[in-house]
1. Any residue at all in the stretch 81-99 that's aliphatic (A, V, I, L, M), modelled with pLDDT of 85 or more and either surrounded by fewer than 23 Cβ atoms within 10 Å (Cβ to Cβ) or touching a helix residue (DSSP H, G or I) at 6+ places or on another chain (Cβ under 8 Å) (or both)?
2. Against the condition modelled with pLDDT under 95, of a type in the set (Gly, Ala, Ser) and within 16 Å of the chain's Cα centre (by Cα), how does SER212 come out, does it pass?
3. Just the residues that are aliphatic (A, V, I, L, M) and at pLDDT 90 or above, please, taken from the stretch 108-137.
4. Test of understanding: among GLY252, GLY222, which residue is of a type outside the set (D, E, K, R), more than 25 Å from LEU46 (Cβ to Cβ) and either modelled with pLDDT of 95 or more or buried (at least 22 other Cβ atoms within 10 Å of the Cβ) (or both)?
5. Out of everything in the stretch 138-158 that is at pLDDT below 90 and over 16 Å from the mean Cα position of the chain (by Cα), what residue ends up being farthest from PHE51 (Cα to Cα)?
6. Which condition does GLU337 not pass, out of (1) at pLDDT below 85; (2) surrounded by fewer than 13 Cβ atoms within 10 Å (Cβ to Cβ), if it passes all the others?
7. Select from the stretch 23-51 the residues that are over 13 Å from LEU154 (Cα atoms) and within 26 Å of the chain's Cα centre (by Cα) and list them in ascending order.
8. What number of residues within the stretch 164-209 satisfy the criterion of being within 30 Å of LEU14 (Cα to Cα) and modelled with pLDDT of 90 or more?
Amino acid sequence: MRPKKVALSTYSILSETSLERRELSLSTTSDKKAETFLYLAYGSNLCNETFRGKRGIKPISQINVQIPELRLTFDLPGIAYSEPCFANTARRDPETDVPRNNATSEKKDSSGATDYHKNRWHKGLIGVVYEVTAADYAHIIATEGGGASYQDILVDCYPFEHSDPTKPVPVHPMTKPFKAHTLFAPAVPPGAQPPKEGGRLQRPDTSYAQASARYLKLITDGAAECRLPYEYQDYLNDIRPYTITSNKQQLGQFVFLTLWLPFIVLIFSLNAKFCDEGGRSPPWLRILSESIFRACWGTYDGFYNPLFGDGERTTPADDQDDDCQPAPFQDLPQRLESGLPIDWEKTPTVA
């Protein structure tokens, strides 16, 4: 198997995280004394342009890993019509979530539509563990929404037996695991109460939204740069993005973002200014963020979606125009990222 493309990176290649540092992570006492953090990345932080460029992180080392206890999801709400959702993780049972034929792994959501290939991977989460300084780890938390919607957890990470990306990913890894930090924001099961700490906003159907092509490209580019297994890269490249298909949706995007963009910029700016040394936002800012983003999605559900069409998932449209041009705000996330100290991704997930 070969990936559909090979990304060329202008960033230097990092050395592999040492066995000594990985061993240190297995001891709670020793790990707390360590001067660096081991941070697991699996979404846009795989991409050097995002992680080392826009976010300014300077990792010391890195290593590709498999995490059997977690699986990749796309259930963090973003901004309708532009960035409908972002990557996230959920708990996984390695005994029941096993590889199967792609045709049979497709399932239908509550609307009756087949999924967009995001559920076709059944070998656990694949990612990269970066060794970073304490200051950089605090900055990572700040750029992930100030820690308002996450729990900082430790997970078992299994290095790959071979560095060759052409080798298949094992169903059950056999290498010696080590511990790494990751920011965890699981969806709340129906009927369950959200946690007092680390909760987040979620949509009624957490599997419905599709990620944007821009966001998926960051992940696929990062996977290629990090030389993740080609088998996993094929899966990522096969995920279908959200696409605006009608003039009504383009108009809806323009009106929706014209209304909500000033509030989004305000939250980003306040978070960058008031986060503490650990990168976390103060309680009052978390409450303000929650109110704004709940109102944002409330207006989408009650007004924009019925009037302008779906802003979360690609749908056929009666007024589709072959000569339809991208809406004025189609590249909004790039504009925000280039002009603000905090990243667009995941800040809307405050709860």
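The values are calculated or read from the model by the stated rules, or taken from the named source; none is laboratory data. As the structure is a prediction and not an experimental result, all values here were calculated from the model. Here Cβ is always computed from backbone atoms with ideal geometry, including for glycine, and neighbour counts include all displayed protein chains.
1. Among the residues of the stretch 81-99, at least one is aliphatic (A, V, I, L, M), modelled with pLDDT of 85 or more and either surrounded by fewer than 23 Cβ atoms within 10 Å (Cβ to Cβ) or touching a helix residue (DSSP H, G or I) at 6+ places or on another chain (Cβ under 8 Å) (or both), which makes the answer yes.
2. Numbers: modelled with pLDDT under 95: no; of a type in the set (Gly, Ala, Ser): yes; within 16 Å of the chain's Cα centre (by Cα): yes.
It is false that SER212 is modelled with pLDDT under 95, of a type in the set (Gly, Ala, Ser) and within 16 Å of the chain's Cα centre (by Cα).
3. LEU125, ILE126, VAL128, VAL129, VAL132, ALA134, ALA135
4. On the way: GLY222 fails: more than 25 Å from LEU46 (Cβ to Cβ).
One residue alone meets the criteria, GLY252.
5. ALA138
6. The single condition GLU337 does not satisfy is (2).
7. THR36, TYR42, GLY43, SER44, ASN45, LEU46, CYS47, ASN48, GLU49, THR50, PHE51
8. Residues in the stretch 164-209 being within 30 Å of LEU14 (Cα to Cα) and modelled with pLDDT of 90 or more: 19 in total.
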